[in-house]
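Following: one structure in structure tokens, then a few remarks.
Read-outs: derived from the displayed coordinates by stated rules, not from any lab. Predicted model only: the values in this text are computed from it and were never measured. Cβ: placed from backbone, ideal geometry, glycine included. Neighbour counts: every protein chain shown.
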Amino acid sequence: MSEVKITLPDGSARTYPAGVSGMDIAKSISEGLARNALSIEVDGEIRDLSRPIEQDASIRIFTWNDKGGKYAFWHSSAHLMAEALEALYPGVKFGIGPPIENGFYYDVDLGDLAFGEDDLAKVEAKMIELARQNNSFRRREVSKSEAIEYFTKKGDPYKIELLKDLTDGSITFYEQGNFTDLCRGPHIPTTGYVKAVKLLNVAGAYWRGNEKNKMLTRIYGITFPKQKELDEYLLMLEEAKKRDHRKLGRELELFAFSEKVGMGLPLWLPKGTVLRERLEQFMRKAQVKAGYDPVVTPHIGSKSLYVTSGHYEKYGKDSFQPIHTPDVTEEFLLKPMNCPHHCEIYKVKPRSYKDLPIRLAEFGTVYRYEQSGELHGLTRVRGFTQDDAHIFCRPDQVKEEFIKVIDLVLHVFTALGFENYTAQVSLRDPANKEKYIGEDALWDRAEREIQEAADERGLKTVAVKGEAAFYGPKLDFMVKDALGRSWQLGTIQVDYQLPQRFELEYVGSDNQKHQPVMIHRAPFGSLERFVAVLIEHCAGNFPVWLSPEQVAVLPISERFNDYAASVINELRSRDIRGILDDRDEKIGRKIRDAEVKKIPYMLIVGEKEAQEQKVAVRKHGAGDQGSVSLPDFIATFNKEFAMPV
RNA sequence: GCCGGGGUAGCUCAGGGGUAGAGCAGCUGAUUCGUAAUCAGCAGGUCGUGAGUUCAAAUCUCAUCCCCGGCUCCA
């Protein structure tokens, strides 16, 4: 009998009879590994543990602790849910059912059946019942004709559509219990591995993600090998909800929405405005240092401005419609972008190559008509303020300028403690070139320059096709919110198109006219979205320098209100934002209220403090810190109160 | 925009054909207090909005607006 050499992740090799299964190997290594093994990677391909290995190979056995193990687990769970659905709702048609980052979903066509949240519990129960049957997932290779015949008989049109894109020889079925699905795999050994099931929600999803197609019902779920892990996950979700910026925004009185003002149009309350203005000041400082010139432009612009820029053609019909004047020939648009205005600033006078780069910065408030279903707290709104700037530079300066902007973005992220961001190079979709304007050569050049600049700063980037702006590729900085949803914050974009459309030029050293290149950039992205993500990032416990209220002075009783007032006045004279709680309440109550408001420092003053001219310092979330004189308190924490440089 | 789920007091929520409820917040009074909720009283809602069914609608029907979870979109 022939043998195969199996190389393990630690580099050691073992010999097994040819046709050995992943599970056999796991058993030969340890009982525990065999018990926890979910899938196996064989020469880079993730497979079922049951598949025989016929040739020498490097392997890695995946457990719940590996992404490859979890994915197999959740993929199998999707099949289990499908089996349950088919048992409960005969005739249900299946789309796709993949594992996702946290769990899995299956897109199904339930015909006329209205499937609501109430049905989820029923399906959950059925899934548990089927899991207990501990059926094996069996893999079977089928021919294309056989597969089509099967799904034709079963009446599953979506599967047949999927099969059309597959070629003979690569088609496999997986069966467990009474359920058979077209599937590439891999799967866990049996359904019995699934011990805990939670179906989270139902949502509509267009077949194949195309809004022209039929909308299927998408059921999201998550499963675990242990009930305890599910309980922990659900608890984690509860905790995440407490960080939701919409909830904290209301509780901390940062912002609000009003139906009367209009959906997606945030109202910044006094405390939110402090926070926002501190961020603006921080950025202004950094930009002055980096050689930017602040400018201000109006909130509306003549329609022709956007016809020139191309925005009107691209977005005009889906946007806020033009504003009319008594003179019917005039039309203005609420500005959806600041760049056209800035182009016109560039054009106010002839520019020399010696003037470049010119960096025009503006906290520009823009308005975009987002679809109603898209609005989401502060992260997706219809009116927002970008920390926008446009850099007009010579072609030979693009990379250097781009790198400087990356540094600025990283400076912001570092100052605010964002460590878990992804840098995404957003490229054209080569299959849909009509979505973009401009020549191929310029696009290629811009895409190359972005990648080079990112590499030069050592950024780990992910390139995503089809995410570019219509006028150019971007480098986007993505951050996740409390519930794991990804949002774009900072963005840097190279643009050769607008300079062309606006006929921007400069006189070169050769005394000839040349076209500058534009770099659009916004390190925050928008103040609104940035604040939203910041709130969730720090759960409302802002860095002290950003905190709307930095210190609460809490007199023990009315008798010490005068001393407390002198303390708060001294703080305010040092530009420290404080409140005085001189209500007729007990100190425990005042402390509790200040804690709930997440005020970083509480200064408690009573008999002793008034006599000794001290303050009793209490830190939010950390408790009593002892008494010091007020000047000592200010000196000790001054760094925290001041804006970082 | 599409699919599903929701809108009851400022907030969190109960009530599901028969005169609108609680806790917290608010106001008034008492209390003058040492590190996360003092006590008492009062006030507060055309039950998102508009139609319809009914003797009677917060409750049932329809429409509409807004919110929530996704999908599509995102200059």
ask   = In the structure shown, do any of A:Lys154/A:Lys195; A:Lys241/A:Lys460; A:Lys404/A:Lys513; A:Lys126/A:Lys242 have a Cα-Cα gap over 28 Å, and if so which?
value = A:Lys154/A:Lys195; A:Lys241/A:Lys460; A:Lys126/A:Lys242
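Return an integer: the convex hull volume of the alpha-carbon atoms of segment A:551-641, in Å³ per residue.
Given the Cα convex hull of segment A:551-641, per-residue volume reads 83 Å³.
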note = Of the candidates A:Leu554, A:Ala539, A:Ser509, the farthest towards the positive dipole end of segment A:494-645 (Lys/Arg Cβ +1, Asp/Glu Cβ -1, centred on the Cα centre) is A:Ala539
ask   = In degrees between 0 and 90, to the nearest 10, how far off the longest principal axis of chain A does helix A:227-243 point, with axes built from Cα atoms?
value = 20
task = Working from Cα positions, state the angle (0 to 90°, nearest 10) between the long axis of helix A:270-289 and the longest principal axis of chain A.
result = 90
key: Beta bridges per DSSP with both ends in segment A:3-63, % antiparallel, nearest 5   = 90
query = Among the DSSP beta bridges whose two residues both lie in chain A, what percent are antiparallel, rounded to the nearest 5?
reply = 85
task = Note the full-extension length gain between A:Val507 and A:Thr7 as 0.36 nm times their separation in residues minus their Cα-Cα distance, in nm to one decimal.
result = 173.5 nm
task = Pop a pseudo-label 7 angstrom from the Cα along the beta-carbon direction at both A:Lys303 and A:Lys212 and give the gap in nm to one decimal.
result = 2.8
task = Would you tally the net charge around A:Glu549, using a Cβ to Cβ cut-off of less than 13 Å, leaving A:Glu549 out, and scoring K and R as +1, D and E as -1?
result = +2
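Per residue of chain A, what 222 nm ellipticity follows from adding -39500 (n - 2.57) for every DSSP H run with n ≥ 4, rounded to the nearest 500?
Result for chain A: -11000 deg cm²/dmol, rounded to the nearest 500.
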message = Ranking request for peptides A:471-482, A:75-86, A:227-238: highest mean number of other beta-carbon atoms within 10 Å first, then the rest in descending order.
response = A:75-86, A:471-482, A:227-238
remark   = In degrees rounded to 10, the 0-90 angle between helix A:587-596 Cα long axis and the longest Cα principal axis of chain A is 60
inquiry  = Name the residue from A:Ser136, A:Ser39, A:Gly383 whose Cα lies farthest towards the positive end of the charge dipole of chain A, charges +1 on Cβ of Lys and Arg and -1 on Cβ of Asp and Glu.
reply    = A:Gly383
Local net charge near A:Ala26, Cβ-Cβ under 14 Å (Lys/Arg +1, Asp/Glu -1) = +1
note = Over its alpha-carbon atoms, chain A yields an Rg and a Dmax in Å of 30.5, 95
ask   = Where does segment A:173-322 land on Rg(C-alpha)/(2.2 N^0.38 Å)?
value = 1.71
remark   = Ordered by fewest other Cβ atoms within 10 Å, a rough proxy for footprinting exposure, A:Arg246, A:Arg138, A:Arg529 read A:Arg138, A:Arg246, A:Arg529
ask   = If each of A:Leu375 and A:Lys465 carries a label point 7 Å out from its Cα toward its Cβ, how far apart are those two points in nm?
value = 3.7
query = Can you give the net charge of the other residues whose Cβ lies under 10 Å from the Cβ of A:Asp156, counting K and R as +1 and D and E as -1?
reply = +1
inquiry  = Under 25 °C and 0.890 mPa s, how fast does segment A:3-63 diffuse according to Stokes-Einstein, given a Kirkwood radius computed over C-alpha pairs? Answer in µm²/s, whole number.
reply    = 222
remark   = Listing A:Tyr89, A:Tyr158 by rising number of other beta-carbon atoms within 10 angstrom, fewest first, gives A:Tyr89, A:Tyr158
note = Residues A:Met337, A:Met23 in order from fewest to most other beta-carbon atoms within 10 Å are A:Met23, A:Met337
ask   = Under the Kirkwood approximation for Rh and a Cα-based Rg, what ratio Rg/Rh is obtained for segment A:68-240?
value = 0.96
task = Pop a pseudo-label 7 angstrom from the Cα along the beta-carbon direction at both A:Asp624 and A:Ile128 and give the gap in nm to one decimal.
result = 4.9
